[in-house]
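Right, one structure below, let's go through it.
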């Protein structure tokens with residue numbers, strides 16, 4: 001009697017080996033933890049934005065680059081330049097900073113680096129290393145060292161609260177040279 005080998009025998013053997021070997025060869029791999037992306041969702045370059053009230057431009061913003069994040073915050077890593085206008089459309093002051101950041105939830109801006117505010121009507125200039133701006137109150141403020149240069153005077157202080165156009169301001173811990181007319 002001859003040994004008869006079924007044509008399906010080799011398939012059965014292969015199937016058996018696959019059934020045994022596949023679970024052995026497929027070891028459980030650790031799944032890497034998903035890390036949420038926290039970088040910018042959008043980027044834009046060479047932007048110009050206008051903020052208006054009652055169809056009149058109040059603030060014009062220029063920046064070389066802006067990064068917008070998922071929570072609505074915006075970063076201006078290459079600086080920012082702002083122009084402020086009065087009700088008649090006349091530019092009253094400017095603000096410049098090396099970097100800026102907008103905090104959407106707080107509706108507040110922060111300028112850092114060489115921050116400069118110029119009141120064009122009064123001929124005054126403010127310099128500091130960090131300054132905050134709240135558009136809803138139209139106020140600027142800082143707890144950092146501040147220099148205000150007027151036509152004939154230079155005033156130094158630490159801490160400032162002012163109108164955004166620098167028309168009215170108060171300084172803490174002041175010093176400087178002030179010319180007094182007698």
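Rule-based calculations on the coordinates, nothing more; no lab input. No experiment lies behind these values; they were computed from the predicted model shown. Glycine also receives a Cβ, built like all others from the backbone with ideal geometry; neighbour counts cover every protein chain displayed.
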Note to self: Against the empirical 2.2 N^0.38 Å scaling, what ratio does the C-alpha Rg of the stretch 121-177 come to?
What the structure shows: 1.05
Item checked: Per-bin percent of Cα-Cα distances, the stretch 42-177 [10 Å] -> 12, 43, 34, 10, 1
Note to self: To make sure I understand, if each residue's beta carbon is the centre and we count other beta carbons within 10 Å, what order do 131, 161, 61 fall in, fewest to most?
What the structure shows: 161, 61, 131
Notebook entry, point to check: How much length is gained if the chain between residue 144 and residue 49 is pulled fully straight, taking 0.36 nm per residue apart and subtracting their Cα-Cα distance, in nm to one decimal?
Noted result: 31.4 nm
Next item on the list: Compute the distance in nm between two label points, each set 7 Å from the Cα along the Cα-to-Cβ direction, one at residue 158 and one at residue 108.
Entry: 2.0
Check: In which sequence would 163, 153 go, from the one with the fewest C-beta neighbours within 10 Å to the one with the most?
Finding: 153, 163
Notebook entry, point to check: Computed FRET efficiency, Cβ-Cβ of residue 170 and residue 35, R0 45 Å: what is it to the nearest 0.05?
Noted result: 0.45
Notebook entry, point to check: How far is the Cα center of the stretch 54-96 from the Cα center of the stretch 124-153, in Å?
Noted result: 16
Margin query: If neighbour count is taken as other Cβ atoms inside 10 Å, put 165, 143 in order from fewest to most.
Written below: 143, 165
